[in-house]
Structure formats: structure tokens, C-alpha cells
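K.L.:
Structure provided below as C-alpha cells; questions to follow.
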Ligand code: APR
């Protein structure tokens, strides 16, 4: 059984109409990271942060999975492969495309109580006045991993990386750690590394092979080369 670990980033959802971060018209061109993607920003102006993620939640629910998401789901269901998808994305397009994924940066579909740690399905529009269904406090926040916080499920991810035969990176610029270091961890365990991206990423030199182009074209082609 060939084990494949696939890391995805914002680029896999770009053709579904969702913004990436570091493009000229990306999310970080419109918002300051320190204002909307840090615990300090949330403490300083929680309304701004709630609005930022409410807007992204609405956009992601209006978006549809593209051929790349669907192709990865087909690979996950194919015989002969053990496929683990680790995503930096907070949209649920992998799931709506039929795959399951480890969300290392959290997700827009759940709300988190910063008082007791309880998680529950997020309403389309989260409000600071919402109370936690478990502890009753008005202490809800987006279930998103912000800069300076520990990504989710790192032990599980690192175990998968240590066991994989092939590491594939799709639609990420390789700017943000720990995800940007996954290719080196996989290669230290003897894996081959393939980058599928619109253009060479920051970490392109760590990969054995690269295919550049839009994900909705190159990902289905790559999957077909594996499962026909
Ligand atoms: N097909 C394939 N790749 C694409 C496409 C596309 N249609 N469009 C853009 N890309 C590529 C870009 O070339 C770029 O390399 O996707 C990558 C997107 O990079 P970023 O905008 O930096 O997004 P990402 O790598 O996912 O960011 C990682 O940074 O700010 C944090 O938490 C945030 O999860 C995010 C993390």
C-alpha cells in the first residue's frame, strides 16, 4: 500500500473563487494579518475579526469544490493507496468534494469557546453575544489557528510524514511554518516529493519534481496518472 501525504493551501481553492493570501489582490493585501489573524488583534477589536471570518465563511459556503478537490477525493477512495490530506485551508471544499482532511489551521465550519475549549457547528454569522452551548459564557471565537498559536494535530501530522512514500504539496507558497517544513520532514523519512502549483513556491528546491499550472487541470491529470 503506497502512503501519500498531500498538503494543500489556498491555491487549490482559488479556482473555486476563494482568495489566496499573498497574491497582489490577496487577503493580506486587503487586511493586516496582525489585525485579523492574531490573538492580539482579536483582543483589540473582536468585532473586526468576527466580521472578517463571517465574510470568509459566507464566501466559502457560496463556493463549490473544483476538479482538484474532487480528484483528491477519488484518489483517497482508490484501492492501493493510503492518502492523507493535510490542509492549511479553513474552507470545507475538501469535505464537500468527497474527501476528508486534517485542518491544521482550523476551519470556518466550527466555533470555539475560548473559556472552556468547547467546539460546535458555527452559525453562518457568528456574533460576540453568542453563548457557548457548554459553559454558557459569551466567550466564542472563530475556530481558526492564528499566528502565534499552535497548529492543530501536529503529532498526528508528523507521524504521517514519517511514514509516507510520497509527499505532494498543492497550492501553497511555502511561506508559513510548520507547513512549509513538511517537505523536508517527509524527505528525511525517505519520501519522494512532488509540488503541484501555479508557479514554483518558496520551497520548490526541496522537491524532486514539480508540475506547474492551475490546480483544476494539473491535479486531475496527476491523479489519472496514478489511478487511470
Ligand atoms: N492553482 C494552483 N496553485 C495556485 C492557483 C491555482 N489556480 N492560484 C494560486 N496558486 C498558488 C500560488 O502560486 C501560491 O503559491 O497558491 C499559492 C498560494 O499561496 P498563499 O496565498 O501564500 O497561501 P498559502 O500558501 O495557503 O498560505 C499559507 O498562510 O496566512 C497564512 O493561515 C494562512 O493558511 C495560510 C498560510
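K.L.:
Examine the range 157-166 for a residue that is assigned by TED's automatic domain parsing to the domain that holds residue 101 and either within 16 Å of the ligand (Cβ to nearest atom) or free of Cβ contacts under 8 Å to residues at least 12 places away in the same chain (or both), and state whether such a residue exists.
P.N.:
For the range 157-166, residues assigned by TED's automatic domain parsing to the domain that holds residue 101 and either within 16 Å of the ligand (Cβ to nearest atom) or free of Cβ contacts under 8 Å to residues at least 12 places away in the same chain (or both): present.
K.L.:
Right, another one. Considering only the range 199-218, state which residues are part of a helix (DSSP H, G or I) and either more than 9 Å from the ligand (Cβ to nearest atom) or over 18 Å from residue 68 (Cα atoms) (or both).
P.N.:
204, 205, 206
K.L.:
Between a first residue in the range 208-219 that is closer than 15 Å to residue 10 by Cα and assigned by TED's automatic domain parsing to the domain that holds residue 165 and a second residue that is more than 8 Å from the ligand (Cβ to nearest atom) and not in a loop (DSSP other than H, G, I, E, B), which pairs have beta carbons less than 6 Å apart while being 6 or more apart in sequence or on different chains?
P.N.:
Short answer, once both residue conditions are applied: 216/67; 219/71.
K.L.:
Another question about this same structure. Which residue, of 17, 41, 9, is in contact (Cβ under 8 Å) with a residue 24 or more places away in the chain and within 8 Å of the ligand (Cβ to nearest atom)?
P.N.:
Sole residue among the options that is in contact (Cβ under 8 Å) with a residue 24 or more places away in the chain and within 8 Å of the ligand (Cβ to nearest atom): 9.
K.L.:
If residue 130 passes every condition in (1) surrounded by 15 or more Cβ atoms within 10 Å (Cβ to Cβ); (2) farther than 17 Å from residue 152 by Cβ; (3) in contact with a helix residue (DSSP H, G or I) (Cβ under 9 Å, 6 or more places away or on another chain); (4) not assigned by TED's automatic domain parsing to the domain that holds residue 183 but one, which one does it miss?
P.N.:
Against the list (1) surrounded by 15 or more Cβ atoms within 10 Å (Cβ to Cβ); (2) farther than 17 Å from residue 152 by Cβ; (3) in contact with a helix residue (DSSP H, G or I) (Cβ under 9 Å, 6 or more places away or on another chain); (4) not assigned by TED's automatic domain parsing to the domain that holds residue 183, residue 130 comes up short only on (3).
K.L.:
Let me ask another. Can you pull out the residues in the range 174-198 that are part of a loop (DSSP other than H, G, I, E, B) and within 23 Å of residue 105 (Cα to Cα)?
P.N.:
Hits for the range 174-198 are 174, 175, 176, 177, 178, 198.
The values are calculated or read from the model by the stated rules, or taken from the named source; none is laboratory data. Treat the numbers as computed from the prediction; the structure is a model and nothing was measured. When we count neighbours, we look across all protein chains shown, and the Cβ atoms used for this are built from the backbone with ideal geometry, even at glycine.
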